Amino acid sequence: MNKQIIKIPDGYSFQNYDVYNFEPALAVYNWEIVAEKVVIDMSHCFHANYQSLALLTLYIWYLNSQGIQIEFSFSHKNEGASKMWHLMGATSWYQVLTKSYQNFKGHDCKPLIAIKNQQDCNTALLKIESYTKGFHVEYEKILRYVISELLYNTLEHGFFCQKIGNEEKRISSIIQLKWSQNKQELRLIIADLGIGIKKHLEATYQPFENHYSAIRYAIQPQVSGTFGINEPYKTKDNAGVGLYIASNILQRLNADMHIISGDGWVHISPRQITNRTMNTTWRGTFVLVNLSLEKDFSLSLHALMSEFREAAIQQISRRKQADEQEKFYLSIENYFGRYAEDKEAALKYRDKKLIPAVNKGQPLLIDFDNVISAPHSFLSGLLATPIKLLGLKAYKKIKIVNAAPEIRETVDYILDENT
Ligand SMILES: Nc1ncnc2c1ncn2[C@@H]1O[C@H](COP(=O)(O)OP(=O)(O)OP(=O)(O)O)[C@@H](O)[C@H]1O
Ligand SMILES: [Mg+2]
């Protein structure tokens, strides 16, 4: 029998102190593996985190759905990953995969839940509610809102069907929660093996250059892969705002959000949004959220929602206007975050988007709505070369809107400097 061993390395995690890196953990998953049996060896993994281990259940489901037998090798003393695997209730992975009514039975503070239907979403939301008992009621509402958007996305868009036995079955998504009461910290991952954001969006939009561009597009308002799908009996109408609002709210809550789909990785932190292409791939999509809960909380869901709705309407209308006039539209907040300080990202964007637009003769419409800070180095990185290319025409062809006075002044200075 062809048997392959997959070793789960010690320190199996996405995070090393404050630095996130998904690549080492994802490198363990070989999606092309050819074997009759795979042994998942956790015996030498003494340190891990729950979110990275939770992905392993999906990977095992994937292998099993390809007809591969799975065996485990745990540590003798039941420590590290082996212990965590049991605490999450992941040992019942096979029953959960094959029986539609079965779910994991994990520890209350670190549960793993298979998301097969609306009922499972409610189970997950109730768990989160139990952690935030005694918190401001608005905080509970906001958190519930954000997590349900992410759960609905995986349920609606993260389909992966496979023949198991003689039956075509949907392989469910998962959510894993880790609540640390003493730190008042909530970590969670929502993951699926579906077609991924890029391919899903491409049912409606032109092909994207890479996965992270598709993810960045998905977090803009009124963007949905469902807009191009005409199903007469579609039960839910998507507005394409779930990720836009969820990511904006999480920024306000000072959370870290990572969206991974294919080899694309977008990190939405309280101050900025960054992206990259990884050397490894996740066969589907997952969202990781790390959040310190705040007991004293003064925001209201209603106020936040109306603020973001208003901002979305404005952004959409400017995007449409720019489209109609064949202008190139850039929302700084959406692309770089409210603290637009990442010069490296500005340079990349300039080369990939702005210079080609200038070369095509398109006027640039640059929107600074909601941007709190954009220092000279960032703005100069973004704009100096396009300005030089345009010469004096830059004054006409680059339109800046909604900039705070100091940002406006810096842009004017850069215009004068380079013309
Ligand atoms: N888990 C996922 N798998 C595949 N595609 C996804 C996933 N999550 C999001 N997407 C893609 O991103 C798009 C935007 O998601 P978003 O939540 O903003 O809008 P929506 O779900 O289409 O509409 P709404 O949330 O307003 O009901 C989706 O339409 C889909 O194309
Ligand atoms: Mg949605």
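Worth a mention:
- Computed about the Cα centre, the dipole magnitude for region 287-384 is approximately 360 debye when only Lys and Arg (+1) and Asp and Glu (-1) carry charge, each at its Cβ.
- The label-point distance for Tyr395 and Ser100, in a model that sets each label 7 Å from Cα toward Cβ, rounds to 6.9 nm.
- Quotient of the Cα radius of gyration of region 3-304 and 2.2 N^0.38 Å, N being its number of residues: 0.97.
- Short-range pairs are left out: with C-alpha atoms under 8 Å and at least six residues apart, the relative contact order of the chain is 10 percent.
- Chain lengthening between Phe227 and Ile316 when straightened (0.36 nm per residue, less Cα-Cα): 30.5 nm
- Among Trp93, Trp31, the ranking by other beta carbons within 10 Å of each residue's beta carbon, starting with the fewest, stands as Trp31, Trp93.
- Under 5 Å between amide hydrogens, built in the peptide plane, is the criterion, and for Leu293 it picks out Glu185, Leu186 among residues at least 5 positions away or on other chains.
- Electrostatic tally near Gln102: other residues with Cβ closer than 13 Å to its Cβ, Lys and Arg +1, Asp and Glu -1, net +3.
- Each residue of region 396-411 was assigned a 3J(HN,Hα) from its phi angle through the Karplus expression (A = 6.51, B = -1.76, C = 1.60, θ = phi - 60°), giving 8, 8, 10, 10, 9, 10, 6, 8, 5, x, 6, 6, 4, 5, 4, 4 Hz with x at Gly and Pro.
- Label positions at Asn254 and Arg276, each projected 7 Å from the Cα along the C-beta direction, are separated by 2.6 nm.
- Across region 234-365, the mean sequence separation of Cα contacts (distance under 8 Å, 6 or more residues apart), normalised by length, yields a relative contact order of 20 percent.
- Helical content of the chain, expressed as a calculated mean residue ellipticity at 222 nm, amounts to -12000 deg cm²/dmol (DSSP H runs of 4 or more residues, -39,500 (n - 2.57) each, divided by residue number, nearest 500).
- Cross-link pairs exceeding 23 Å in C-alpha to C-alpha distance, out of Lys77/Lys110; Lys110/Lys163; Lys198/Lys397; Lys348/Lys397; Lys77/Lys99, comprise Lys110/Lys163; Lys198/Lys397; Lys77/Lys99.
- For Gln272, no residue whose modelled amide H falls within less than 5 Å of its own remains once neighbours fewer than 5 places apart on the same chain are excluded.
- Rounded to the nearest 20, the size of the Cβ-charge dipole of the chain about its Cα centre is 460 debye, with Lys and Arg at +1 and Asp and Glu at -1.
- Length gained on full extension, Ser298 to Glu32: 90.8 nm, using 0.36 nm per residue less the C-alpha separation.
- Angle in degrees between helix 376-390 and the longest Cα principal axis of the chain, rounded to the nearest 10: 60
- Residue pairs, from the table Lys83/Lys105; Lys353/Lys388; Lys169/Lys199; Lys105/Lys183, whose Cα atoms sit over 19 Å apart: Lys169/Lys199; Lys105/Lys183
- DSSP bridge orientation in the chain - percent antiparallel, rounded to nearest 5: 70
- Take 143-153, 54-64 and order them by the average number of nearby Cβ atoms within 10 Å per residue, most first; the result is 54-64, 143-153.
- Nearest 10 degrees, 0 to 90: helix 137-157 Cα axis against the chain principal axis: 80
- Taking amide H as placed 1.01 Å from N in the peptide plane, Ile164 has its amide H under 5 Å from the amide H of Lys169, each at least 5 places away in sequence or on another chain.
- For the chain, the longest principal axis of the alpha carbon atoms and the long axis of helix 50-65 meet at an angle near 70°.
- Cα-based reach from Lys7 at 13 Å (exclusive), listing aspartates and glutamates while leaving out same-chain residues under 8 positions away: Asp41, Glu71
- Mean Cα-pair separation over length for region 154-285, i.e. relative contact order, pairs under 8 Å, 6 or more apart, %: 21
Laboratory data are not the source of any read-out in this text; all were calculated from the coordinates shown. None of these values were measured; they are calculated from a predicted model. All Cβ positions, even for glycine, are placed from backbone atoms using ideal geometry, and neighbour counts span all protein chains on display.
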